[in-house]
Amino acid sequence: MSITRWSDLRRFTQARVGLGRSGNAVPTGAHLDFQEAHAAARDAVWSALDTEALRAELGPVPVLHSEAADRKTYLLRPDLGRRLRAVDRDSLPRTGGTVIVVADGLCASGVQRQAAAMVRALGADWPVVIVEQARVAIGDDIGEAMGAEAVVVLIGERPGLSAQDSMGIYLTWQPRRGRTDAERNCISNVRPGGISVQDAAAKVHWLLRGARALGATGVALKDDMTSTPLLG
């Protein structure tokens, strides 16, 4: 591919394409950029959620905590991040319906920047809870405790070399402890350079309608929603 065509491709992606060569390696500038991005991704894993700032946008919603007492424990013991601590589980009301869980996940910055906008884009009067040191499956624990028919988990995705602001959305029908990832639907890469909150909200509602009709999410619920073109 010619240099001109590589330049054209780079206009449409943050991926590391068309970096050029210096002998058998990439140029020094590209190498240094890679090292900086790698360091930023490692730092992002340790980022913390500013729950008070989130509550200023979302309202006085409950702030809960997983069984992982701190960030180091969270990273070393994924199982503890999947369970809600008992005192918080016992405090939750039985609301039924659909519940939104806002979780820090492996990179809190994506949730910090986009969760409130996502809740607004959904445009529904669903109860919201914030949970710290949380993995995706903690939504099952929360949804079961609240008697929810469905849970929508907004969670920070693993930081990459091109983005540390990505949010994932996981939808589970009839949440309860023991659900597997095969029983969820995922919308990934929700961020300014990926899927917009408006498009993600439309897909959440589409999947929820399908889940309600089918009585299931995950591999049983095929996502054949009409896609919008990448380029206008």
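The values are calculated or read from the model by the stated rules, or taken from the named source; none is laboratory data. In this text the structure is predicted, and so the values were computed from the model without any measurement. When we count neighbours, we look across all protein chains shown, and the Cβ atoms used for this are built from the backbone with ideal geometry, even at glycine. Areas reflect the complete protein model, heavy atoms only, side chains present, ligands, DNA and RNA absent. Shrake-Rupley method; radii C 1.70, N 1.55, O 1.52, S 1.80 Å.
Annotations for the structure displayed:
- Single match in 138, 142 (criterion: over 22 Å from residue 199 (Cβ atoms), in contact with a Ser or Thr (Cβ under 8 Å, 6 or more places away or on another chain) and not charged (D, E, K, R)): 138
- Search result, residues across the stretch 24-50 that are in contact with a Leu (Cβ under 7 Å, 6 or more places away or on another chain) and closer than 25 Å to residue 130 by Cα: 41, 45
- Selection count, the stretch 168-183, where residues are farther than 21 Å from residue 195 by Cα and of a type in the set (S, T, N, Q): 2
Residues checked against (1) in contact with a helix residue (DSSP H, G or I) (Cβ under 7 Å, 6 or more places away or on another chain); (2) touching a residue at least 60 places away in the same chain (Cβ under 8 Å):
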{"site": "17", "(1), (2)": "yes, no"}
{"site": "21", "(1), (2)": "no, no"}
{"site": "27", "(1), (2)": "no, no"}
{"site": "32", "(1), (2)": "no, no"}
{"site": "38", "(1), (2)": "no, yes"}
{"site": "47", "(1), (2)": "yes, yes"}
{"site": "51", "(1), (2)": "no, yes"}
{"site": "57", "(1), (2)": "yes, no"}
{"site": "66", "(1), (2)": "yes, yes"}
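- Single residue of the stretch 78-90 satisfying the filter (touching a residue at least 12 places away in the same chain (Cβ under 8 Å) and hydrophobic (A, V, I, L, M, F, W, C)) that is surrounded by the fewest Cβ atoms within 10 Å (Cβ to Cβ): 80
- Any hit, the stretch 119-141, residues being in contact with a strand residue (DSSP E or B) (Cβ under 6 Å, 6 or more places away or on another chain), polar (S, T, N, Q) and closer than 20 Å to residue 212 by Cα: no
- Looking only at residues of the stretch 162-189 that are over 16 Å from residue 100 (Cα atoms) and hydrophobic (A, V, I, L, M, F, W, C), we find that the one that is modelled with the lowest pLDDT is 163.
- The residues of the stretch 145-194 that are among the basic types (Lys, Arg) and within 20 Å of residue 207 (Cβ to Cβ), listed by number, are 176, 179, 184, 191.
- The one condition from (1) out of contact with any Ser or Thr (no Cβ under 8 Å at 6 or more places or on another chain); (2) under 27 Å from residue 75 (Cβ atoms); (3) of a type in the set (A, V, I, L, M, F, W, C) that residue 220 does not meet is (2).
- Boolean, residue 36 is open to solvent by 70 Å² or more (accessible area, probe 1.4 Å), over 19 Å from the mean Cα position of the chain (by Cα) and closer than 19 Å to residue 104 by Cβ: no
- Output for the stretch 39-61, where each listed residue is surrounded by fewer than 16 Cβ atoms within 10 Å (Cβ to Cβ) and of a type outside the set (Phe, Trp, Tyr): 39, 40, 42, 43, 48, 50, 52, 53, 56, 57, 59, 60
- Set 9, 75: member being open to solvent by less than 90 Å² (accessible area, probe 1.4 Å), aliphatic (A, V, I, L, M) and within 30 Å of residue 176 (Cα to Cα): 75
- Residue check for residue 68: more than 13 Å from residue 108 (Cβ to Cβ), open to solvent by less than 80 Å² (accessible area, probe 1.4 Å) and modelled with pLDDT of 95 or more: yes
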